[in-house]
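Asker: My questions all concern the structure below.
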Amino acid sequence: MLFTERMDIPEIMDDLEFSGKEMDITLQELETINKWLGGNNITLNGVENILKHNPNPGGKIKIADLGCGGGDMLKLLANWGRKNKLNLELTGIDANEYIIHYARENCKNYPEAQFEVLNIFDEAFEKHVYDIICCTLFTHHFSNEELVQIFQKFYRQARMGVTINDLHRHWLAYHSIKWLTYLFSHSPMVKNDAPVSVLRAFSKKDIKEILRNAQITDYKLKWRWAFRWELVIYKDEELIVNN
């Protein structure tokens, strides 16, 4: 019964005032976890998928990473952009000022990446428009009702599309990450938040219901290892993919 529906349990990361050494350790460990489990590559694959349908050879491509954390996703995108000779303008957005300070330092060798302290529910955020909006392990922090509004907002503010990379709620994912972090993590935040994140995560039915309520029909939804969902939302009305 624990995994039949999304749980409303707060994470330590939800505290936008949380900062200091423990936050540094947490962000470092999350970067390592996503690197070794290949999680961030799912977001990169979503960006590539959108650009295949919306080629912009030689033009500037504005990409926003919402809930950017320590900036490791933007480093991956920047390296990919350099390799493929793309003109990327990358923006990392997070509501935690300390996290943005950390991300700026973490990405100081990537001039194509900039960062803003901004809450996606602020009116100031709604004034921004990007070619592609990315979210990696971000959407599970919100309720289904909030996500309907968030998805609609993203759809309005992205010219080409939206790619969302988040967790699959599953008993094996829960117990696996609980034991892995218990054995190897040095961060109490990671040990607490990692399994809680799985309880707040999504089934396929959850995601499709949110999309239906947001009146979004042009998308691809795929299960990816390890226990991730890759959701790509298109803005081209001719590309209707209804899984």
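Asker: Determine, for TRP229, TRP171, the number of other Cβ atoms within 10 Å of each Cβ, and report the residues in order from fewest to most. Write out the running numbers ahead of the final one.
Answerer: Numbers: TRP229 23, TRP171 10.
Least crowded to most crowded, the residues run TRP171, TRP229.
Asker: Please say if segment 89-205 is rounded, prolate or oblate, where rounded means a/c under 1.5 for a ≥ b ≥ c the square roots of the C-alpha gyration tensor eigenvalues, and otherwise the choice is prolate for a/b larger than b/c and oblate otherwise?
Answerer: Values: a/c = 2.22, a/b = 1.32, b/c = 1.69.
Here segment 89-205 falls in the oblate category.
Asker: Taking DSSP loops as anything outside H, G, I, E and B, show the longest stretch in the chain free of GluC sites (Glu not before Pro) there with at most 11 other beta carbons within 10 Å.
Answerer: Numbers: sites that count: GLU17, GLU237, GLU238.
After excluding every exposed loop site, the longest remaining stretch is 18-236.
Asker: What ranking of VAL190, VAL117, VAL148 emerges when the number of other C-beta atoms within 10 Å of each C-beta is taken as an exposure proxy, fewest first?
Answerer: Working: VAL190 24, VAL117 14, VAL148 19.
So the residues, fewest neighbours to most, are VAL117, VAL148, VAL190.
Asker: Going by amide H atoms built from the backbone, whose H comes under 5 Å of the H on GLY92, apart from near neighbours?
Answerer: ASP65, GLN114, PHE115, GLU116
Asker: I would also like to ask the following. I need the P(r) histogram for segment 12-234: all alpha carbon pairs, bin width 5 Å from 0 out to the longest distance, whole percents.
Answerer: So the P(r) values, bin by bin, are 1, 7, 15, 20, 21, 18, 12, 5, 1, 0.
Asker: Length gain on complete extension for the stretch TRP36 to SER203, per 0.36 nm per residue less the alpha carbon to alpha carbon distance? List each step's numbers first, then the result.
Answerer: Values: separation 167, 0.36 × 167 = 60.12 nm, distance 2.36 nm.
Additional length available on full extension: 57.8 nm.
Asker: So what are the ³J(HN,Hα) numbers for segment 36-45, from phi and the Karplus equation (6.51, -1.76, 1.60; θ = phi - 60°), rounded to whole Hz, Gly and Pro as x?
Answerer: So the Karplus estimates, Gly and Pro as x, are 6, 8, x, x, 5, 5, 5, 5, 4, 4 Hz.
Asker: Quick one: what are the phi-derived ³J(HN,Hα) couplings along segment 203-217, Karplus 6.51/-1.76/1.60 with θ = phi - 60°, whole Hz, x for glycine and proline?
Answerer: 8, 4, 4, 4, 5, 5, 5, 4, 5, 5, 5, 7, 6, 10, 10
Asker: Give the calculated FRET efficiency between HIS186 and GLN149 to the nearest 0.05, with a Förster radius of 51 Å applied to their Cβ-Cβ distance. All intermediate terms of the calculation are to be shown ahead of the outcome.
Answerer: Working: r = 37 Å, r/R0 = 0.73.
So the FRET efficiency works out to roughly 0.85.
Asker: How far apart, in nanometres, would the label points at LYS60 and LYS108 be if each is projected 7 angstrom from Cα along the Cα-to-Cβ direction?
Answerer: 2.6 nm
Asker: How high is the relative contact order of segment 98-227, in percent, counting Cα pairs under 8 Å that sit 6 or more residues apart? Write out the running numbers ahead of the final one.
Answerer: Details: 115 pairs, mean separation 31.3, N = 130.
Here the relative contact order equals 24 percent.
Asker: Using the Karplus curve 6.51 cos²θ - 1.76 cosθ + 1.60 with θ = phi - 60°, what ³J(HN,Hα) values do you get for each residue of segment 83-97, in whole Hz, with x for Gly and Pro?
Answerer: Calculated HN-Hα couplings, in order: 4, 9, 6, 9, 8, 9, 10, 9, 10, x, 10, 8, 7, 9, 4 Hz.
Values quoted throughout were computed directly from the atomic coordinates according to the rules given, and no laboratory measurement underlies them. Just so it is clear, the model here is predicted, and its values are computed rather than measured. As a convention, Cβ positions derive from the backbone with ideal geometry for all residues, glycine included, and neighbour counts pool all protein chains shown.
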